[in-house]
Amino acid sequence: MRRTGAYGIENYKLMDTFKEWLKENALYDEDTVIYAIPMDDPERVASCQCRYDVCINKPENQTFAFDQVGCRDLESGKYLVFLISHTAEAVQTAWEMCFPELEKLGYLLDKSRPVIERYKKALVDRHLCELCIPIR
């Protein structure tokens with residue numbers, strides 16, 4: 001599912017809508033991994049044009065109402081993964097600190113791919129999530 005507009009509270013609403021859709025389609029279980037992907041840098045793209053995707057890996061042998069969800073391929077590559085608390089404050093702090101930390105650790109950001117927030121249900125149940133930073 002995708003929404004376009006300023007990042008913020010509406011993204012949380014989209015995530016809630018997506019989780020409900022997953023449950024309605026029997027796709028929400030212990031193995032579920034939800035990816036939240038801000039597609040645009042709000043410093044370079046007008047906030048009203050920022051795209052935000054929430055998705056899962058496409059289950060095999062399943063069809064969907066494509067008026068509700070779309071399909072796309074995610075770019076592969078290496079990521080530096082930060083394990084963080086699953087709170088709005090911790091996620092915001094991680095976003096602020098991950099880029100300086102990346103530099104400190106000697107990695108280069110791969111700007112051709114988006115940063116991904118990864119929500120594995122098993123981690124979320126323990127109040128944790130991951131911030132995946134694309135690196136070269």
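Observations, loosely collected:
- Normalised contact order of the range 16-136, rounded percent, pairs of Cα under 8 Å and 6 or more residues apart: 33
- The angle between the Cα long axis of helix 9-24 and the main principal axis of the chain comes to about 40°, on a 0 to 90 degree scale.
- Per-residue 3J(HN,Hα) values for the range 49-55, derived from phi via the Karplus relation 6.51 cos²θ - 1.76 cosθ + 1.60 with θ = phi - 60°, read 10, 6, 9, 9, 10, 10, 7 Hz in sequence order (x marks Gly and Pro).
- Computed from Cα positions, the angle between helix 88-104 and the longest principal axis of the chain comes to roughly 40 degrees.
- GNM result for the chain, Cα springs below 10 Å: residue of Glu24, Glu60, Glu103 fluctuating most strongly: Glu60
- With the whole protein complex present, Lys23 retains an accessible surface near 110 Å², based on a 1.4 Å probe.
- Lysines whose Cα lies under 28 Å from that of Lys111, excluding same-chain neighbours fewer than 8 positions away: Lys13, Lys58, Lys78, Lys120, Lys121
- In summary, the range 89-128 shows an alpha-carbon radius of gyration equal to 1.38 times the 2.2 N^0.38 Å reference for compact globular proteins.
- Order of exposure, largest accessible area first, which applies to Leu14, Leu74 with probe 1.4 Å: Leu74, Leu14
- Rounded Å value of the spacing that divides the Cα centres of the range 28-82 and the range 1-15: 12
- FRET efficiency for Asp31 and Ala88, using Cβ-Cβ distance with R0 set to 22 Å, rounded to 0.05: 0.30
- What the Cβ-Cβ distance of Arg51 and Arg126 gives, at R0 = 30 Å and to the nearest 0.05, is a FRET efficiency of 0.50.
- Surface composition of the range 83-130: carbon plus sulfur atoms hold 56% of the accessible area, using a 1.4 angstrom probe and ignoring ligands, DNA and RNA.
- By the compact-protein rule of thumb, 2.2 N^0.38 Å, the alpha-carbon radius of gyration of the chain corresponds to a ratio of 1.06.
- Residue with peak Gaussian network fluctuation, the chain [Cα springs, cutoff 10 Å], from Leu27, Leu105, Leu80: Leu105
- Of the chymotrypsin sites (Phe, Trp or Tyr not before Pro) in the range 44-136, those whose Cβ has at most 12 other Cβ within 10 Å and which sit in DSSP loop: Phe66
- Normalised per residue, the volume of the convex hull around the Cα set of the range 1-55 (Å³): 64
- Calculated FRET efficiency, Met1 to Glu101, Cβ-Cβ distance, R0 = 25 Å: about 0.25 to the nearest 0.05.
The values are calculated or read from the model by the stated rules, or taken from the named source; none is laboratory data. All figures in this text were calculated on a predicted structure; none of them were measured in a lab. Please note: Cβ atoms are built from the backbone with ideal geometry, for glycine as well, and neighbour counts cover all protein chains shown. For the accessible areas, the whole protein counts, side chains as well, though only heavy atoms, and no ligand, DNA or RNA atoms are used. Shrake-Rupley method; radii C 1.70, N 1.55, O 1.52, S 1.80 Å.
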